[in-house]
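The structure appears right after this line, and notes come after that.
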Amino acid sequence: MKTISLTINDREITARKGDNLLWVALDNGIHIPNLCALRDKPEPMAGCRLCFVEVKGREQPVTACTETIAEGMVVNTQGAKALRLARTAFELLMASHPVDCAHCPANRSCELQKTAAYLRVKLKPKRFRKLVRELPIDHSNPQFVYDPNKCVLCGRCVWVCQQRLGIDILGFAHRSFERVVTTFADEPIGDLNCRDFQECIITCPTGALSLKDGEKI
Ligand code: FES
C-alpha cells in the first residue's frame, strides 16, 4: 500500500494513501474531538460537527471525519476558526443534554466530559437556552437501561445494531428537536430479545445506554 506524508500540528506524519484524516490524527496521538465517527463505518455521518480542523489552502475549516489525507497536506487542529465552530456545536449539543454527571453511569468515561475539557467549554454553557427533553427512560431489558434524554444522536448504536450486528432493532425516528433513537413503533427494548447489547453500550459515547446497577462492561 502506498504511503504519503502530511503535517498535522507541525508534526510530519506518514500514513497510507486514502486514509481518513480523523483516524490518522488519532492513531498518531493527536486528539480531535469526535462523537459520531466509527472506524468501520465507511460513510461518515458527520452529524456532531465537533471534529473541525483547518487545512492549509482551504478557506473554511473542514470536518476531519469526512476528509481523505493527501500528499503534502498541512493540518492544524488548534486553529481559532476550527475551535470556534467545534465549541458552538458542543454548546448547542449541551443545550439539550441533562447534566448530572455525579449520578450518571458514564461519569469519568463520558465523551462529553472529555470534549468539554479539550475545548475548554463548561458542561453547562450559558450561551444557548436550555431545552432538555423529558422522554421516558426504558428499563424494560433486565440487563441494561436506555435513557434517550442522554442520547446525543451520534448514530453509533444504530449503525452497530443495523450494520455491524445485522440485528435492526434500533433506528432513528422523527425530526428536528423530536429526533430520537428508538425501536420500531417505540416498542420497549426488553420485548425485542436483544442479546448483543454489549456492543451498543460500548459504542455509546455518553450514558444513554448503560448496564443496570452501575456495572461496567
Ligand atoms: S466526528 Fe466528524 S462530524 Fe462527528
Residues satisfying the stated conditions in the stretch 113-140, i.e. closer than 27 Å to C194 by Cα and either within 16 Å of the chain's Cα centre (by Cα) or surrounded by fewer than 18 Cβ atoms within 10 Å (Cβ to Cβ) (or both): R133, E134, L135, P136, I137, H139, S140
Near pairs, Cβ below 6 angstrom, 6+ apart or cross-chain, from the stretch 61-83 (within 22 Å of G18 (Cβ to Cβ) and without any contact (Cβ under 8 Å) to a residue 12 or more places away in the chain) to any residue that is more than 12 Å from the ligand (Cβ to nearest atom) and basic (K, R): none
The stretch 156-190, residues that are basic (K, R) and either crowded, with 20+ Cβ neighbours inside 10 Å or more than 21 Å from I202 (Cβ to Cβ) (or both): R156, R175, R179
Subset of the stretch 171-217 (residues that are in a strand (DSSP E or B) and not polar (S, T, N, Q)): G171, F172, A173, V180, V181, L209, L211
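Rundown of residues vs (1) among the aliphatic types (A, V, I, L, M); (2) more than 12 Å from the ligand (Cβ to nearest atom), yes/no style:
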site	(1), (2)
K41	no, no
V53	yes, no
P61	no, no
T66	no, no
E71	no, yes
V99	yes, yes
N107	no, yes
Near pairs, Cβ below 6 angstrom, 6+ apart or cross-chain, from the stretch 46-59 (under 17 Å from I8 (Cα atoms)) to any residue that is more than 8 Å from the ligand (Cβ to nearest atom) and hydroxyl-bearing (S, T, Y): V53/T77
Any hit, the stretch 111-121, residues being farther than 29 Å from S5 by Cβ and part of a loop (DSSP other than H, G, I, E, B): yes
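Throughout, read-outs are computed from the coordinates displayed, never taken from laboratory work. Nothing here was measured: the structure is a model prediction, and the numbers come from that model. For neighbour counting, all protein chains shown are included, and Cβ atoms are generated from backbone atoms with ideal geometry for every residue, glycine included.
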